[in-house]
1. Using only alpha carbon pairs under 8 Å that are at least six residues apart, calculate the relative contact order of region 10-261 and give it in whole percent.
2. Excluding same-chain residues fewer than 8 positions from Lys85, which lysines have a Cα within less than 29 Å of its Cα?
3. At what distance in nm do the modelled label points of Leu102 and Ile45 sit from each other, each positioned 7 Å from its Cα along Cα→Cβ?
4. Only Cα pairs within less than 10 Å get springs; with that Gaussian network setup on the chain, which residue of Ser136, Ser43, Ser181 has the largest fluctuation?
5. Sort the chain into rounded, prolate or oblate with this rule: let a ≥ b ≥ c be the square roots of the eigenvalues of the Cα gyration tensor; rounded if a/c is under 1.5, and if a/c is not under 1.5, prolate when a/b is larger than b/c, oblate otherwise.
6. Trp238 to Ser136: extension gain in nm, 0.36 nm per residue of separation minus the Cα-Cα distance?
Amino acid sequence: MNTNNNLLTMTELFSRSWQEMTNRFGPFFILAFIGTALNWLFSLIFVHFYVNMQSASFLILPLTLILSLIVSLLMTSALTLYICKRANTINEALRIGFPRILRLFLGGIIIGLAMMLVSSILVGTMIAMMMLTKNSLVMGFVVFCSISVILAVMLTITTYCLFLPYRLVLTNEPMFQCFRSSFALVKGYFWKTCGYLVLLSLIMGAVTVLGQLVLMIFSFISSLVLPSFFQTLLSFLWVPIQATLAVFFQVFTLALYLDRNTAGIDISSQQDSTPSLEGQAEQ
């Protein structure tokens, strides 16, 4: 077991994550691929109805959004359970993970409301300050500072709630105790955790931009010689890339969570026995 002063370094975390991905990439990828492929299918269904039956699109949009949300939450829950060896098969991970969807949804709602409340207050303050001055330079400075503060607050909330999904899935703690546990796991390591989150976002963003650029080039070329049906199939090539990115993000953040969770950090009176990744203490 780690101690508070002996947490894994970034190199060790990436090494452990890579080892876990290479050892069990197949089932990880299948779980992520199922969710990503279904969301891709839902988007195609909406586009089809929007183009051909616009009168029905206002009904299809909320339906596809709800289905996409359910699939995304189930993928997160099942993948978490399988990575942490709480489930031995993909079917078992999906079966056990399904009841956790509501907890993940409510947790996301609370975070979203908190972000909206803070953003509304800051935007209201910005508008009030802009109304008090007619100097364009001051107004520009106020807008810049307000946007910077909003982004900083959102990043702070996201960082402190980074481990919330894993507490919601892997423990039976009450909802607000899960928030407290996630906060406790980040407290004292905020800048390190935030740095990991930003680094992961930059890596995934760079891969996403590069991948989308390549697909746009292929799509443009194919549009000159292939019918639209084949262009739709070509867009499916992005699905396995997106699934791989989802696996990478979740394996790394789970490795970080498990490292903190087994480091003797006091997170709650109800400690869970979360099994670890390869090489960490097993349940």
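1. Relative contact order of region 10-261: 27 percent.
2. Correct list for Lys85: Lys187, Lys192.
3. Going from the Leu102 label point to the Ile45 one covers 2.3 nm.
4. Its mean-square fluctuation being the largest, the pick is Ser136.
5. The shape class here is oblate.
6. Answer, rounded to one decimal: 32.3 nm.
Quick note: the coordinates plus some simple rules give every number you see, no bench work behind them. Treat the numbers as computed from the prediction; the structure is a model and nothing was measured. As a convention, Cβ positions derive from the backbone with ideal geometry for all residues, glycine included, and neighbour counts pool all protein chains shown.
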